[in-house]
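Chemist: Take a look at the following structure, please.
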Amino acid sequence: MGATFEARYVERRIREVADFGRGRVHSVYANSLNVCFDGCGGLVTILNPTPDVAPASIVLAQRTNFADQGIEVGESARFFQGGLSVGPLSVATKGAIDRSCVLPRFEKTRALQDSCYAFAERVDGNQARFRGFFDPRVERRLAAAQRQFEKCLASQESIEDAVRGLVGLGCGLTPSGDDFLVGAFAVLLSLKGSADPAVVRLHAYLADASDRTTDISRWMIHYALEGRFRESLIALIEACATGAPLDGPLELLWSVGASSGFDMSCGVLCGLRACIAKKEM
Amino acid sequence: MAQYICVRKNAYHDSVSLMTLTNELKKSDEIEDAVVSMATDMNKELAENIGFISDDIQSAGPNDLLIALRCPDEEACERMVVRVDELLQSKKKKAAKSKEATYRSIHQANDDDADLNMAVISVAGDYAAREVNAALDCGMNVMLFSDNVSVEDEVAFKNKAHELGLLVMGPDCGTAIIDGVGLCFANDVRRGSIGIVAASGTGLQEVSVIIDRLGGGISQAIGTGGRDLSAPVGGMMMLDGISKLEDDEDTSVIVLVSKPPVPEVAEKVLHAVEQCTKPVVVCFIADEAHRGGDGIVFARSLEDAAIQAVALSKGEDAPSSGKSVYPVAEEARRFAGKLSANQKSIRALYCGGTLAAEALFEMSKVRDGVVSNVAKKAHQKMSDPFVSTGDTIVDLGDDVFTKGRPHPMIDPSIRCDRIVAEAMDESVGVILLDFELGFGSNADPVGATIEAIEQAQKIAGEQGRHMAFVGYVLGTDRDYQDYQKQCAMLEEAGVLIAQSNLNAVETALAIVGA
């Protein structure tokens, strides 16, 4: 008989899904477990305790090592009333606190410009910390692709090529290029709104390019296109928009993955610069 | 030159693992170039740009792991392939021995190792709360060495820890023993059935080493931080510690060590003690208000707390005494005979603050006019912590002495100048010194002080005086500093060795004829 764990947090949207369908374990790590559902559920991630809730995630109240739970990739999973079973493991979600990963609209304020300067300084000062162990060729390619994207965003030309030059670029389960694009898209979506023509175009290009990357990243992009982002990314955008201190939100986002959080923050900075550019998009 | 290209279908390894793997491979002289990444279109293009071209790469999908190596020859390639597998598997097999790894944040450490359950935090006080909260959010207990943490922060994160069922030991906590692992300044003591909860670092140390000497052992020793028993914090960690030891099946006796709490907190703590099914020994240092009743054993000193705890762990009774069970050495009386009529003052120069507090209490019972920088009562406070007068007890670990300098338990040399200065005072008969051994303490506390002792004796000798020294080595035979060697060095320098802090104080008093 397997173990039962209590969930502390559940992303609210998970509770709203009518039918998850059949699930299969996609991947198992020490600190997380991914399950793919063939119904409306998509990729659901079960995580060890963390304050940073991501889209489609269930955060446990107590830690465990998922890799030691005897769960095999491909094993079946299903939601039932009050919880989820994954192979020998059960997670009780009934008492969990709902958390929202829906990105709110923020107003473009004067604080944005100051935030941008402070933000850029922090990012520049931490490049070596996060990119220092990158393969230099990947780093050069990534930097060039990011610059190209920013240029295209400003001119509104060749954005599709710029997006395709980033999706799937970099090692890791969510390649750096994808994280960057999600960060940039989040800022544009929040500050310009989903009906803005530039946001609509970027949404389409991202959707089109998303099959060029890993499953896990593809789902991250999918949730982003639905307006759902991890809480630390939302908190950072809010801090930028309101002029609140950046240190706390930056450090929390930067603790995501090996460089994923930092890559997302680089995307946020790119999006901010696009929003405060003199020439309106 | 040889190449190895392999695509592993649907192979998922987290980003930190892949980055680490790439960096480890590149350190090897046998690798000229390497690519380890998911086979997305962009990454495949990159690999092809640097000369890794094959049909396998062409047909690989974004969920496949691409491993491409370039080595001087085939044999090197084969060795490196084995190395790749070792590195990819190493995260699944936990090494039996402890491993050291460097992370940029608590969250990253948590991502890399799900089994981490304790964070020892030592950052500037302004940043401590953020790191404590990060650790708690990751399900880790905390030992917080930092000081200068606001009381508001302490209350907030201790409340959070309590709700999560976790411990926050601190702020300003330097000593703990958890599941047999000594943290920071802890001593290497035997494991056993006595659990300690202490709002006092050297108090915890003193009790634990005497327990060890008496044949007992420690199940857990939980530090709470010095401010835990203040009114705003309300003894939160002390109460949680008591509860945890009550539930701990390896603990049969509980010992509490602290300075006397404020009355409302003392009431809460003693109420919790009364609910315990296990015997509890309470040592409120320098406390005269509590003296037994209702099944609670109140110890009269740190030494007494250890003696009572060991007796209870064996199911025995031991008479509680305000005097040390260790006799004052005969040499003390001979030393007394060598002092001049003027030499009536004791100068106790401590590294351990709690030992200083206990010394003040004990000395004040039999001597008037004792002053100290740890005194709470106005008439016992030193007017200038840098200037001793009459009987003076100095805690050299106090902030006024350690600004920009290491604590004297780490660097005892800060006490050396003071030893020499005291020797110049013709009224001084005895200088009392403590030497703390343990995992975090100086590698040779006595060795770092011997020269100052000899210089002090020389100064006194040149002025026709004899200077008596009493030394107490707080440690066990298992501490790495070699307890016997530390004592031998002191003996060779003519220092009288005491067996406990209480014994050291009684010895000093005997020398000056108190």
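Chemist: Quick one: what does P(r) look like for segment B:103-172 with 5 Å bins over all Cα pairs, in whole %?
Modeler: Here the calculated profile for segment B:103-172 is 4, 20, 32, 25, 15, 4, 1.
Chemist: Give me the inter-chain shielding for B:130-141: mean count of other chain Cβ atoms within 10 Å, whole number please. It would help to have the intermediate numbers written out before the result.
Modeler: Working: counts 4, 1, 0, 2, 5, 0, 2, 6, 7, 9, 2, 0.
Neighbouring Cβ atoms belonging to other protein chains average 3 per residue here.
Chemist: Taking only the C-alpha atoms, wrap a convex hull around segment A:124-281 and report its volume per residue in Å³ as a whole number.
Modeler: Values: hull volume 16.2 nm³, N = 158.
Output value, Cα hull per residue: 102 Å³.
Chemist: Reported to two decimal places, what Rg/Rh ratio describes segment B:336-386 when computed on Cα atoms with Rh from the Kirkwood expression? Could you put the intermediate results ahead of the total?
Modeler: Numbers: Rg = 12.0 Å, Rh = 12.1 Å.
Radius of gyration over Kirkwood radius for segment B:336-386 works out to 1.00.
Chemist: Are there any trypsin sites (Lys or Arg not before Pro) in segment A:180-281 that are in a DSSP loop and have at most 12 other Cβ atoms within 10 Å? List them by number.
Modeler: Numbers: sites: A:Lys192, A:Arg201, A:Arg212, A:Arg218, A:Arg228, A:Arg230, A:Arg273, A:Lys278, A:Lys279; in loops: A:Arg230, A:Lys278, A:Lys279.
Taking segment A:180-281 and a limit of 12 other Cβ atoms within 10 Å, the loop trypsin sites (Lys or Arg not before Pro) found are A:Lys278, A:Lys279.
Chemist: Obtain the nm distance between the two label points defined at B:Val82 and B:Asn117 by a simple spin-label model: each point lies 7 Å from its Cα along the Cα-to-C-beta direction.
Modeler: About 3.7 nm separates the two model spin labels.
Chemist: Shifting gears a bit: I need to check one value: relative contact order of chain B, counting alpha carbon pairs closer than 8 Å and at least 6 residues apart, in percent. Mind showing how you got there, number by number?
Modeler: Numbers: 1040 pairs, mean separation 53.0, N = 514.
It comes to 10 percent, rounded to a whole number.
Chemist: Rg/Rh for segment A:10-141 to two decimals, with Rh computed the Kirkwood way over all alpha-carbon pairs. Please report the intermediate quantities before stating the final value.
Modeler: Numbers: Rg = 19.1 Å, Rh = 17.4 Å.
Over the Cα atoms of segment A:10-141, Rg/Rh equals 1.10.
Chemist: Does any residue of segment A:236-281 lose at least 20 Å² of accessible area with all protein chains in place compared with its chain alone, and if so which ones (probe 1.4 Å)?
Modeler: Correct list: A:Glu251, A:Ser255, A:Gly257, A:Ala258.
Chemist: So for each of B:110-120, B:130-140 I average, over its residues, the number of other beta carbons within 10 Å; can you give me the resulting order with the highest mean first? Write down the numbers at each step before the final one.
Modeler: Working: B:110-120: 18.7, B:130-140: 22.6.
Highest to lowest by the protection proxy: B:130-140, B:110-120.
Chemist: By per-residue mean of other Cβ atoms within 10 Å, what is the highest-first order of B:367-374, B:499-506? Don't skip to the end; give the middle numbers.
Modeler: Values: B:367-374: 19.1, B:499-506: 25.4.
Sorting B:367-374, B:499-506 by mean packing, highest first, produces B:499-506, B:367-374.
Chemist: Let's test the formula: R0 of 60 Å, r as the Cβ-Cβ distance of B:Arg478 and A:Ser155. What FRET efficiency results, to the nearest 0.05?
Modeler: That gives a FRET efficiency of 0.25.
Chemist: Let me ask something additional. From the helices alone, meaning DSSP H stretches of at least four residues, give me the mean residue ellipticity at 222 nm for the protein assembly as shown, per-run term -39500 (n - 2.57), in deg cm²/dmol to the nearest 500.
Modeler: Mean residue ellipticity at 222 nm (helix-derived): -12500 deg cm²/dmol.
Chemist: Something else: With no solvent and one point per C-alpha, what does the Debye sum give as log10 I(q)/I(0) for segment A:91-207 at q = 0.11, 0.19, 0.20 Å⁻¹?
Modeler: -0.47, -1.17, -1.24
Chemist: Please report how far the C-alpha centroid of segment B:177-252 lies from that of segment A:1-79, rounded to the nearest whole angstrom.
Modeler: Their Cα centres are 38 Å away from one another.
Chemist: Moving to a separate point now. If I take the Cα coordinates of the protein assembly as shown and project them onto the principal axes, what are the three extents in Å, biggest first?
Modeler: Principal extents (largest minus smallest coordinate, Cα): 97, 59, 57 Å.
Chemist: Need one number: nm distance between label points at B:Ala318 and B:Glu45, each 7 Å from Cα along Cα→Cβ, rounded to one decimal.
Modeler: It works out to 7.6 nm between the two label points.
Chemist: Excluding A:Arg147 itself, calculate the net charge of residues whose Cβ lies under 12 Å from the Cβ of A:Arg147, where each Lys or Arg counts +1 and each Asp or Glu counts -1.
Modeler: Details: positive: A:Arg140, A:Arg141, A:Lys151, A:Arg273; negative: A:Glu150.
Charge balance near A:Arg147 sits at +3.
Chemist: May I pose another question? Just the isolated ones, please: cysteines in chain B lacking another cysteine beta carbon under 4.7 angstrom.
Modeler: Flagged as lacking a Cys partner: B:Cys6, B:Cys138, B:Cys173, B:Cys184, B:Cys276, B:Cys283, B:Cys351, B:Cys416, B:Cys487.
Chemist: Another question, if that's okay. Ranked highest first by the average count of other Cβ atoms within 10 Å around their residues, in what order do B:151-158, B:426-433, A:172-179 fall?
Modeler: Values: B:151-158: 18.6, B:426-433: 23.6, A:172-179: 29.0.
So the peptides B:151-158, B:426-433, A:172-179, ranked by packing, come out A:172-179, B:426-433, B:151-158.
Chemist: With bins 5 Å wide starting at 0, give me the P(r) of segment A:202-263 over every alpha carbon pair, in whole percents.
Modeler: In order of increasing distance, the bins hold 4, 18, 21, 21, 18, 12, 5, 1 percent.
Chemist: Still on this structure, please answer the following. Antiparallel as a % of all DSSP beta bridges within chain A, to the nearest 5? If you can, show how the numbers build up before the last one.
Modeler: Details: 25 of 34 bridges.
Just about 75 percent of them are antiparallel.
Chemist: Taking N as the number of residues in chain A, what is its Cα Rg relative to 2.2 N^0.38 Å? Display every interim value, and only then the final one.
Modeler: On the way: Rg = 18.8 Å, N = 281, 2.2 N^0.38 = 18.7 Å.
Compactness ratio reported: 1.00.
Chemist: Go from 0 up to the bin containing the longest alpha carbon distance in segment B:231-374, width 5 Å each, and give me the % of pairs per bin.
Modeler: 2, 8, 16, 18, 19, 14, 10, 6, 4, 3, 1, 0
Chemist: Based on the Cβ-Cβ distance of B:Arg190 and B:Ser427, what FRET efficiency does E = 1/(1 + (r/R0)^6) give at R0 = 30 Å, to the nearest 0.05?
Modeler: Numbers: r = 43 Å, r/R0 = 1.43.
Step by step, r from the Cβ atoms, then E = 0.10.
Chemist: Along each principal axis of its Cα atoms, how long is segment B:330-511 end to end? Whole angstroms, biggest number first, please.
Modeler: 41, 35, 28
Chemist: Moving on to the next point. Please quote Rg/Rh for segment B:2-97 to two decimal places, taking the Kirkwood radius as Rh and restricting both calculations to Cα atoms. Don't skip to the answer; put the middle values down first.
Modeler: On the way: Rg = 13.0 Å, Rh = 13.6 Å.
My calculation puts Rg/Rh at 0.96.
Chemist: Which loop-located trypsin sites (Lys or Arg not before Pro) does segment B:1-70 contain, where loop means any DSSP state but H, G, I, E or B and the Cβ has at most 13 other Cβ atoms within 10 Å? Don't skip to the end; give the middle numbers.
Modeler: Numbers: sites: B:Arg8, B:Lys9, B:Lys26, B:Lys27, B:Lys44, B:Arg70; in loops: B:Lys9.
Within segment B:1-70, the qualifying trypsin sites (Lys or Arg not before Pro) (loop, at most 13 other Cβ atoms within 10 Å) are B:Lys9.
Chemist: Sticking with this structure for a sec: Over all pairs of distinct alpha carbons, what does the Kirkwood formula give as the hydrodynamic radius of chain B, in Å?
Modeler: On the way: mean 1/r = 0.0388 Å⁻¹.
Computed over Cα pairs of chain B, the Kirkwood hydrodynamic radius comes out at 25.8 Å.
Chemist: To continue, here is another question. Shape of segment B:378-482 from its Cα gyration tensor (a ≥ b ≥ c, root eigenvalues): rounded if a/c is under 1.5, otherwise prolate when a/b > b/c, or oblate?
Modeler: Taking the square roots of the gyration eigenvalues as a ≥ b ≥ c, segment B:378-482 is oblate.
Chemist: Filter the cross-link list A:Lys94/B:Lys268; B:Lys381/B:Lys485; B:Lys314/B:Lys365; B:Lys278/B:Lys365; B:Lys381/B:Lys403; B:Lys160/B:Lys268 down to pairs whose alpha-carbon distance in this structure exceeds 30 Å. Don't skip to the answer; put the middle values down first.
Modeler: Numbers: A:Lys94/B:Lys268 35 Å; B:Lys381/B:Lys485 36 Å; B:Lys314/B:Lys365 32 Å; B:Lys278/B:Lys365 33 Å; B:Lys381/B:Lys403 20 Å; B:Lys160/B:Lys268 20 Å.
Long pairs (Cα-Cα over 30 Å): A:Lys94/B:Lys268; B:Lys381/B:Lys485; B:Lys314/B:Lys365; B:Lys278/B:Lys365.
Chemist: Right, another one. Could you sort the residues of segment A:48-63 by number and keep only those whose accessible area is reduced by 40 Å² or more in the all-protein-chain setting relative to the chain alone, 1.4 Å probe?
Modeler: In segment A:48-63, residues shielded by partner chains: A:Pro49, A:Pro51, A:Arg63.
Chemist: Mind checking segment B:262-339 for GluC sites (Glu not before Pro) that DSSP puts in a loop (not H, G, I, E or B) and that have at most 13 other Cβ atoms within 10 Å?
Modeler: Values: sites: B:Glu264, B:Glu267, B:Glu274, B:Glu288, B:Glu303, B:Glu316, B:Glu330, B:Glu331; in loops: B:Glu288, B:Glu316.
Answer in residue order: B:Glu288, B:Glu316.
Chemist: Taking 60 Å as R0, compute the FRET efficiency from the Cβ-Cβ separation of A:Lys94 and B:Asn23 and round it to 0.05.
Modeler: Values: r = 44 Å, r/R0 = 0.73.
Result of the calculation: an efficiency of 0.85.
Chemist: Using Cα atoms only, what is the angle between the long axis of helix B:501-511 and the major principal axis of chain B, expressed in degrees (0 to 90) to the nearest 10?
Modeler: 30
Chemist: State the antiparallel share, in %, of DSSP beta bridges confined to the protein assembly as shown, rounding to the nearest 5.
Modeler: Numbers: 44 of 98 bridges.
The antiparallel proportion sits near 45 percent.
The values are calculated or read from the model by the stated rules, or taken from the named source; none is laboratory data. Computed from a prediction, not measured in an experiment: that's the story for all the values here. As a convention, Cβ positions derive from the backbone with ideal geometry for all residues, glycine included, and neighbour counts pool all protein chains shown. The protein model used for the area step is the full one, side chains on, heavy atoms only, and it has no ligands, DNA or RNA in it. Shrake-Rupley method; radii C 1.70, N 1.55, O 1.52, S 1.80 Å.
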